[in-house]
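To start, the structure itself, in structure tokens.
The values are calculated or read from the model by the stated rules, or taken from the named source; none is laboratory data. Small disclaimer: the values here were computed from a predicted structure and weren't measured. Every residue, glycine among them, receives a Cβ derived from its backbone with ideal geometry; neighbour counts consider all protein chains shown. What goes into the accessible areas is simple: the full protein's heavy atoms, side chains included, and nothing from ligands, DNA or RNA. Shrake-Rupley method; radii C 1.70, N 1.55, O 1.52, S 1.80 Å.
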Protein chains: 2
Amino acid sequence: MPVDVPRQVDHKARRDQIAEALLDIVADHGLEAISVRAVAAQAGVSAGRIQHYFANKDELLAYAIEYQDWLVQQRWNEQAWPEGEPTPREALRWVLLETIPRDDRRRREWLVGVAYLIRMLANPNLRALYVDGLPRLYRLLADLVRMAQEAGDIAPDRDPDVEAELLFGLADSQGPPVVLGLRTPEQATAAIDYYLDHLFQ
Amino acid sequence: MPVDVPRQVDHKARRDQIAEALLDIVADHGLEAISVRAVAAQAGVSAGRIQHYFANKDELLAYAIEYQDWLVQQRWNEQAWPEGEPTPREALRWVLLETIPRDDRRRREWLVGVAYLIRMLANPNLRALYVDGLPRLYRLLADLVRMAQEAGDIAPDRDPDVEAELLFGLADSQGPPVVLGLRTPEQATAAIDYYLDHLFQ
DNA sequence: ATCGTTCCAATACGTTCGTATTGTTAAAGC
DNA sequence: GCTTTAACAATACGAACGTATTGGAACGAT
């Protein structure tokens, strides 16, 4: 029970603003470029402010990906299929396109994801973000394939789990060539659409 | 023409030994963990030695991935298909399994690859390693599919380029779950074999 | 009005960093 | 045997680092 609450500020907003700056740096120059002072400069705040909102650098690093994870979940929840109920194919396409780094926001998310990957090896909390998310994504894709099969839009002899893995692999493998400029987001999208055309009868 | 060549040592061997130490650290703790002193400690040599063989840290970092790239090329060249000519299917399987981090060596190569990825964005020399290699791999896979089609082992209505992309995507997307322990190398291998079984008639 | 607390800027401190510099050893050429 | 040079180890140095500390301004509660 707080007896005194002087000078209240929006803590989450402050922390998020700092996390934003960190994520920008990580996407452009990797985790090696992260220092408290560098993040402060990027955010346009003092280093003292960062110290006030984060106990240490590790907590700052940890908050930043949790914040990014929250951003992604926000987007997935807010999607809520604006134009009525989507068909399984529309949902499938939406999910697959969501994973490719096709604009600045998703590009940053993608790059931050790979930057944190090695950290996941030793950090169980970080690992959980990936370990929990991936099987859920596989299940979602397989379920959508199953729904399309029940609607008669995909041949019944296709294995939904195998198709889910192929679809995910196809989408997932677009990441590196897209961020490295070897392929445009449009080409990546076309590759996915091409395969969806073949999968759906 | 060297007039004086006192105290000759194998320069490449020394540089490679140092690069080995660097790659070990990068795979375990990322590029952020790289310092001249840390690499020296890992290699069991003095920091002065590293200074003697590399002008600066950037050159050391650059040499290390070039060395890794050389290691990978060595393995691909030395393969040379020990037991006679391989069938297209055998070659396809070999190439695909080669990309998944199924043992310590390949796991290190995989992790180092992702660690260097963000650096590729700004460094053209690093980017070239990826930009040159990927299309070549796609072509190789597509050619092998074509050869199998000509031999009547793959249905002629399959698009070799699409199949190449699916195969690569399937193999490529095994990397993260394998290094993070979400899937065993055996399971990743089984996923590839399962799809090859379906692709080949 | 004052007190207490939050918010934050500024500074300080000890460590680690990349790299320059110096010194020493040993082998090759004459 | 003497000189020269490669091959280091060791040390030095300034910059940057994470973080502890200090101090002040601003505002809510009393």
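Observations, loosely collected:
- Of all residues in segment A:24-39, exactly one satisfies the criterion of being within 14 Å of another protein chain (Cβ to nearest Cβ), without any contact (Cβ under 8 Å) to a residue 12 or more places away in the chain and either buried (at least 21 other Cβ atoms within 10 Å of the Cβ) or within 10 Å of DNA strand C (Cβ to nearest atom) (or both), namely A:32.
- In segment A:81-105, the residues that are more than 30 Å from residue A:152 (Cβ to Cβ), touching a residue at least 12 places away in the same chain (Cβ under 8 Å) and surrounded by fewer than 16 Cβ atoms within 10 Å (Cβ to Cβ): A:103
- For segment A:145-201, residues that are surrounded by fewer than 17 Cβ atoms within 10 Å (Cβ to Cβ) and either of a type in the set (Val, Ile, Thr) or outside the structural domain of residue A:92 (by TED's automatic domain parsing) (or both) total 2.
- Residue check: residue A:21 meets all listed conditions (1) within 15 Å of DNA strand C (Cβ to nearest atom); (2) assigned to a helix (DSSP H, G or I); (3) open to solvent by 50 Å² or more (accessible area, probe 1.4 Å) but one, namely (3).
- Check on residue A:13, crowded, with 17+ Cβ neighbours inside 10 Å and either over 17 Å from the mean Cα position of the chain (by Cα) or more than 16 Å from DNA strand D (Cβ to nearest atom) (or both): no
- Given (1) within 12 Å of DNA strand C (Cβ to nearest atom); (2) loosely packed, with under 15 Cβ neighbours inside 10 Å, number of the condition residue A:78 does not satisfy: (1)
- Taking the criterion of being more than 9 Å from DNA strand C (Cβ to nearest atom) and acidic (Asp, Glu), the residues of segment B:3-18 that qualify are B:10, B:16.
- Assessment of segment B:40-53 against the conditions (part of a helix (DSSP H, G or I) and either more than 16 Å from DNA strand C (Cβ to nearest atom) or within 14 Å of another protein chain (Cβ to nearest Cβ) (or both)) yields no matching residue.
- Any hit, segment B:172-192, residues being at pLDDT 95 or above, in contact with a Ser or Thr (Cβ under 7 Å, 6 or more places away or on another chain) and either under 28 Å from residue B:24 (Cβ atoms) or more than 10 Å from chain A (Cβ to nearest Cβ) (or both): yes
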